[in-house]
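*Asks:* Dropping a structure here in structure tokens format, bear with me for questions.
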Amino acid sequence: MVAKKISGRGRPRKFDLDRAVATAKELFHQRGYDSVGVAELSQVMGITAPSLYAAFGSKSQLFERVLQDYVRTDGGWLPAAIAQAETVEGSISCLFECAAEAYSANPLQLGCLVLDGTRNCTDERVCQRSAEFRQATRDLIRERIATEFPEQAEMLANYVFTILMGLSAAARDRRPKAELLSTARIAAAGFSAHIQDGHPQSVNRT
């Protein structure tokens, strides 16, 4: 990417954009969108506020860039977990356990940024964009479930997504990883019990 010039100074940016996004991601993940200000972001990045605006446009646009990076890197485990098992039952079990592990892995960045980064946020634009990222996650889960249980995919996806939100919130509340894993396994057992009881109609059934 060609460095743009900072308005009014005629000098190119002298900071690493990728590193700046990573720094902002750490702050947003740790404290949430509303609790991180432009002044603090600028200070931690080692740049001025005008430089931040020149690079990203606004705090909300920076957060959107952060979410994109988070989904691509930190959140990359989710699609991998869903695809790991041959059956939907196995995929959801893997998903819940991976979530418990991922959400509690870093004591400074607990939970999921997509699920919890805009909790109690007052910026409508940011809330909307965050909701779109959450919907994309829900859609991914629903599509996997629909490969075996199309008629119940929406309902089951809602269940799975609600469990993920609960695990993220528990992690941010600093519940121990062992507790999250136990909850994940109970939730997976509930999912398995539901489909084994014959509630969803599999595409392979007559």
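The values are calculated or read from the model by the stated rules, or taken from the named source; none is laboratory data. Quick caveat, the model's predicted, so the values are computed rather than measured. No Cβ is skipped: glycine too gets one built from the backbone with ideal geometry, and neighbour counts run over all protein chains shown. The accessibility values were calculated without ligands, DNA or RNA, using every heavy atom of the protein model including side chains. Shrake-Rupley method; radii C 1.70, N 1.55, O 1.52, S 1.80 Å.
*Asks:* Identify which of the listed values of semi-axes √(5λ) of the Cα gyration tensor in Å was calculated from the structure shown: [x] 38, 17, 13; [y] 25, 23, 18; [z] 27, 18, 16.
*Replies:* Given [x] 38, 17, 13; [y] 25, 23, 18; [z] 27, 18, 16, the structure-derived one carries the label [x].
*Asks:* Moving on to the next point. For ASP34, ASP139, what's the largest-to-smallest order of accessible area, 1.4 Å probe? The partial results should precede the final answer.
*Replies:* Working: ASP34 75, ASP139 40 Å².
Sorted descending by solvent-accessible area, the residues read ASP34, ASP139.
*Asks:* Does a label point 7 Å from the Cα of VAL44, set along Cα-to-beta-carbon, have any residues of the stretch 57-76 with amide nitrogen under 13 Å, and which are they?
*Replies:* In the stretch 57-76, the label zone of VAL44 (backbone N under 13 Å from the point 7 Å along Cα→Cβ) covers 63, 66.
*Asks:* Rank by packing, highest mean first: peptides 58-71, 115-128, with packing defined as the count of other Cβ atoms within 10 Å averaged across residues. Provide the component values of the computation, followed by the final result.
*Replies:* Numbers: 58-71: 19.0, 115-128: 16.2.
Most protected by this proxy first, the peptides run 58-71, 115-128.
*Asks:* Using only helices, what value at 222 nm comes out for the chain when you add -39,500 (n - 2.57) per DSSP H run of length 4 or more and divide by the total residues, to the nearest 500 deg cm²/dmol? Intermediate results must be reported in sequence, preceding the final value.
*Replies:* Numbers: 10 runs with 136 residues, N = 206.
-21000 deg cm²/dmol, from helical runs alone.
*Asks:* Another one. Filter the GluC sites (Glu not before Pro) in the stretch 69-114 to those in DSSP coil with at most 14 other Cβ atoms within 10 Å of their Cβ, and list the result.
*Replies:* On the way: sites: GLU86, GLU89, GLU97, GLU101; in loops: GLU86.
Qualifying residues, ordered by number: GLU86.
*Asks:* At 7 Å along the Cα-to-beta-carbon direction for both ASP173 and GLN196, put a label point, then send me their distance in nm to one decimal.
*Replies:* 2.9 nm
*Asks:* So for the pair GLU86, GLU101, with labels modelled 7 Å out along Cα→Cβ, what separation do we get in nm?
*Replies:* 2.1 nm
*Asks:* Would you work out what percent of the accessible area of the chain, with all protein chains in place, is carbon or sulfur (probe 1.4 Å)?
*Replies:* Numbers: 5370 of 10760 Å².
The C+S portion of the solvent-accessible surface of the chain is 50 percent.
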